[in-house]
Each structure stands twice: as structure tokens, then as C-alpha cells.
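See structure below.
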Amino acid sequence: MVNRQLEIIYILMNKSSVTAEELAAHFEVSTRTVYRDIDSLSMAGFPVYASRGKGGGIRLMELR
């Protein structure tokens with residue numbers, strides 16, 4: 001699980017946005033598992049968030 005979460009961070013550092021479906025397919029897990037990982041990363045202090053709807057996705061917040 002930790003390896004998957006770290007890889008999610010690396011993927012987000014290289015892409016501006018990715019969908020939960022794309023991550024779920026990449027890791028061969030459910031989208032619910034991806035959202036749990038995102039919640040865990042966010043609670044651990046990583047600036048990760050998910051937005052729904054058209055143009056949505058999972059992103060890293062820009063730090064200023």
C-alpha cells in the first residue's frame with residue numbers, strides 16, 4: 001500500500017492531473033482504493049486533492 005501511495009505521488013509529479021480510473025487500471029485496484037489512498041496521503045500532509053466532474057481529476061496542489 002505504501003509503495004502504491006508513493007508511486008501515486010510520483011505519477012502526479014509528472015502529470016498535471018490523472019483520473020481515479022486511470023490510477024485504478026494502472027495499479028489493478030478499485031477506484032475506491034485509489035480514493036482511500038488519496039485520503040491517506042492528504043491526511044499525511046501531502047498536498048493531494050481530487051475534484052469531480054468534467055475536467056476533474058486527482059492533482060497535487062501548487063505550493064507557493
Within the stretch 7-31, of all residues that are without any contact (Cβ under 8 Å) to a residue 12 or more places away in the chain and more than 14 Å from residue 52 (Cβ to Cβ), the one least open to solvent (accessible area, probe 1.4 Å) is 24
Restricted to the stretch 39-61 and to residues being in a helix (DSSP H, G or I) and touching a residue at least 24 places away in the same chain (Cβ under 8 Å), the residue farthest from residue 6 (Cα to Cα) is 40
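The values are calculated or read from the model by the stated rules, or taken from the named source; none is laboratory data. Just so it is clear, the structure is predicted and the values come from calculations on it, not from any experiment. Counting neighbours? That spans all protein chains shown, and the Cβs are built from the backbone with ideal geometry, glycine included. Protein only, heavy atoms only, side chains kept; ligands, DNA and RNA dropped before computing areas. Shrake-Rupley method; radii C 1.70, N 1.55, O 1.52, S 1.80 Å.
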